[in-house]
Structure formats: C-alpha cells, structure tokens
Amino acid sequence: MFTLDFISGLIGFILTLLIFSYLINDNPLFRMAVYLFIGAASGYAAAVVWQYLLAPQVSVILHSEDLGEWLLAAIPLILGVSLLSKLSPKISSLGSVAMALFVGVGAATALGGAVLGTLIPQVGAAIGAVDVQADSGDAFARFVEGGVMLAGTALTLAYFQFSAGRAPDGTPKRNIVFEGIAGIGRLFIAITFGVLFAGVYMAALTAMIERLNAMVDFIRPWIGF
Amino acid sequence: MRVTAILTTALAMAVAFIVLLGFFFPVPALLELRAILTNWAMTIGGMAVFIGVLNLVAVHIGKIQKRQKGSELGVILVFSLLSVFTYGVLFGVEDPLMQMTMNAVIAPVEAALMALLVVTLTYTGIRLLRWRRDLAAILFLAVVVLFLAAMAPKPFDNGILDGLIVNVAGTIAQGGARGLLIGVALGALLTGLRVMFGIDRPYGGD
C-alpha cells in the first residue's frame, strides 16, 4: 500500500493543493509549500554541484600523485574557497582574484557565444530569408515572407535607437523620420510579445492540465470512477 | 588604483583574451588553455552556488534566532535544505529517495507554480487595457486572443483561417524576435568588450 510511488504521489498531491490555495488568497499554507520547495531545490542543486563538480576535484587532491594534475584541481578549489571572504566586507578583497577569473571567462564566453551563436547565424538567416534563388518553391511568396521578416528585424532594432537631439524647449526629441520608423518597430514588438505571451500561456495551461490530471489520477482509486 | 585592483583587472583581461582567442583560433595549445580556464571558472561557479546556499541558511538561522515575523517558515526551509543536501552528499543524487524528492516535491511544485501563471497572466492581460489603451497594447491583446483561438482544439474544421493567423502572426513575430535576439547579442557583445577592456570591473577592481 505505502509504496514509494504512493508516498511520492501523496506528497505531490498535497503540495499541489497548497500551491493552488494561492488562488483563494496569499496564505501561510501556500508560503509553507514555497519555503519547502526552495529548501529542497537549493539542497538538491547543492548536492548536484558537490557530486558532479567538486567531489571529483577533491578526490584528485586526496589521491593524485601527479603534481600537475594536483595543481589543476587544487587551484580552482582554493580560489573557490577564497570567495567565502566576500561574506565579510573587511576581507572581501581576498576573493577578488577568483571573481576576476570567473568574470573574465564569463565575459569572453558570453562575447564569443553572442557573436558565433547569435549574431552571425541570425544575420545570416535574415539575409537568407529574402534569397529567392535558394528555394525551389514559390519565389514571390518567399520574397514577401522574407521581406516582412527582414522589415520586422530592422524596425525592431530601430525602435531601440534612443539617440536624440534637443527640441526648442530643451527636451530630448528624436528625428521625425526615426520616430515614425520606431513607431512601426513598436508594433512589430507588440505582435512578437503577443505571440510569445500566447506561447507562455499555453505552456502554463498545459502545466495546469497536467497537475489536475495527476491529482484526479491519484484520488480516482478511492472515489471509484 | 590599488595594486590588487590593477592585478585583478589584468587577470580578468588576460583570461578573457585567452578564452576569446580560443573561440576564433582553434590552435591546440590555446584550446587546452581555454578548457582549463573554463573548468576553473566552473569550479569557482560551483563554489559560488555553495556560498549562496550557505548564505541562505545563515540568513534564515539569523531570523529564527531573533524570532522575526515569519521565521517559523524559515525552519522548514533550513530543515528541508540541510536534509536533502546531506542525504544527497551521502548517498548520491541518483538514490531513489533523492529521485523521490525531485518527483514528489520539486517537479509538482514547479508545475503547480507554472499552472498559477494561467490565472495571473489572464488577470494581467485583462488589466492591461486599464493601464494603457494605445495601438500597441490593443494589437498585443488581439494577437494573444487570435493566436490562442487558432491553436485551441475546436469541434469544427477551421484549418484555413487558423493556418492564416498562425502564419501571418508567426512570420511577423519571427522578424521581431530576430530583431530582439540581435539586440540582446549586441548588448552582450558590448558588455563583454567593456569587461575585456577593463572599463567595467564587477569583480571589485575599483
């Protein structure tokens, strides 16, 4: 009767009810479930970090006899431990070396990822969308579709161009042509966010159906239908 | 500028250049150095997660000791965090009880919180027209309603109209999303360059 699956289902059922109680009002039961979730998720994340990232390094430090391998494992761990100094303002500068390394790698990775992973492929796709020779299908339809997409891309980017001159009364004012272009870009952004909003809404609806389904499946054996 | 600040700035810049060069010039030595530095950064990031969790526990224990309002809930948080972490370290995250924690607590609560979004998004959508009634807001809501109507299952065949709505809105949204993505990438590029050239020093190199 009390198998691991049953206990798991029961806990999931109760926690889902507690979370859904938020629909009545923000209440202690909802907050209790959220606190339990944050605790369990943080503990789980810390355990995953320990098992897959830190424990192998500690194992190398304890067992390796190769100095190079030992140093490669020890240096990042020592730097990582130095981050503890950030908890105290008096000795916080001790953790700056680790932070500098972390930020340097992060900045270069983000930069490389932005150029190679987003900018070049997206610019290429924007150009490719209006390449009528690339497809054997209806060239005109493809050109119109690609043109709309290219216009959407350019106008959306134009909306975020905030350089402005000065009006006679001293207030910042954009060039009237750019103002018009940015206005159309704003409409493209509204449609884009509308589609994204609808997508998130459908994902949330799917999650709600899944939860309600799981709850019904759990109580079905007791109410007999 | 203090010596420590100069050293940390030089270190961040050097590391960033090495890692970036590894992206564009796949020389074996450079790739190996990039892999070592990336691994080190991952370990430091892992330690940062640990310190974040430690800080979370310390803050809640402090609240419990001072008997602040709502600190009873902190007991639940600290107890669940420490028990899950200790068990995970001792028996591994693949242990059936750890998997049960994921299936019974983490996944259901995540899904239930996601499900709550249905209500909050509906409410926000309705309230939007109260806050602003310009063309962009009306267009936004019209697209949401039309797109949801087109995607919803229906008792009658409405394939042509649904297909038209999804295609037209999808094409325009694809262009807009591409513009936003390129904008975000340009922002990341600029921020990365500022860090690489030592203009921004978020690591404390004041």
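With the contact rule set at Cα under 8 Å and sequence spacing of 6 or more, what percent relative contact order holds for chain B?
Working: 72 pairs, mean separation 62.5, N = 206.
About 30 percent, as a whole number.
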Exercise. Span-like helices, chain A: DSSP H, alpha-carbon axial extent 20 Å or more, mean Kyte-Doolittle 0.0 or greater, which ones?
Worked result: A:4-20, A:28-49, A:67-82, A:96-112, A:139-159, A:176-223
Seminar exercise, completed: Projected onto the charge dipole of the stretch A:138-225 (unit charges on the beta-carbon of Lys, Arg, Asp and Glu, signs +1, +1, -1, -1), the Cα from A:PRO168, A:ALA214, A:ALA139 with the largest positive-side position is that of A:PRO168
Seminar exercise, completed: Cross-link reach from B:LYS63 to aspartates and glutamates, straight Cα distance under 17 Å and at least 8 residues apart if same chain, gives B:GLU72
Exercise. What residues qualify as long-range amide H neighbours of A:LYS173, i.e. H under 5 Å apart, gap of 5 or more or another chain, H built at 1.01 Å from N?
Worked result: A:GLY165, A:ARG166, A:ALA167
Problem set entry | Dipole magnitude of the stretch A:1-124 about its Cα centre (Cβ charges: Lys, Arg +1; Asp, Glu -1), debye to nearest 20 | 460
Exercise. Short version: ³J(HN,Hα) in whole Hz for each residue of the stretch B:2-9, in order, from phi by Karplus 6.51 cos²θ - 1.76 cosθ + 1.60 (θ = phi - 60°), x for Gly and Pro, what are they?
Worked result: 6, 4, 4, 5, 5, 5, 5, 5
Problem set entry | Order of B:PHE25, B:PHE197 under a 10 Å beta carbon neighbour criterion, fewest first | B:PHE25, B:PHE197
Problem set entry | Selection from B:ILE126, A:ALA40, B:LEU82, by position along the positive dipole direction of the protein assembly as shown (Cβ) | B:ILE126
Seminar exercise, completed: For A:VAL60 and A:ASP131, extending 7 Å from Cα along the Cα-Cβ vector and measuring point to point gives, in nm, a value of 4.3
Problem set entry | Top positive-direction residue, dipole computed over the protein assembly as shown with Cβ charges, set A:ALA55, B:ALA29, B:GLY62 | B:GLY62
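Note down the magnitude of the dipole of chain B about its Cα centre, charges +1 on Lys and Arg C-beta and -1 on Asp and Glu C-beta and zero elsewhere, to the nearest 20 debye. Intermediate values should be presented prior to the final figure.
On the way: 14 positive and 10 negative charges, 177 e Å.
Approximately 860 debye in magnitude.
Grab the alpha carbons of the protein assembly as shown, take their convex hull, and tell me the volume per residue in Å³. Before the final figure, lay out the partial values.
Numbers: hull volume 112.6 nm³, N = 431.
Per residue, the Cα convex hull of the protein assembly as shown comes to 261 Å³.
Given charges of +1 on the Cβ of Lys and Arg and -1 on the Cβ of Asp and Glu, with all other atoms neutral, how large is the dipole of the stretch B:99-195 about its Cα centre, in debye to the nearest 20? Walk me through the numbers before you get to the answer.
Working: 7 positive and 4 negative charges, 82 e Å.
It works out to roughly 400 debye.
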Exercise. Quick one: Cα centre-to-centre distance for the stretch B:141-194 and the stretch B:1-66, in angstrom?
Worked result: 37
Exercise. Expressed as a whole number of Å, what is the distance separating the alpha-carbon centroids of the stretch A:40-57 and the stretch A:152-179?
Worked result: 49
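Bear in mind that the values in this text are calculations on the coordinates, not laboratory data. These numbers were taken from a predicted model, which means no experiment stands behind them. Note that each Cβ is placed from the backbone with ideal geometry, even for glycine, and that neighbours are counted across all protein chains shown.
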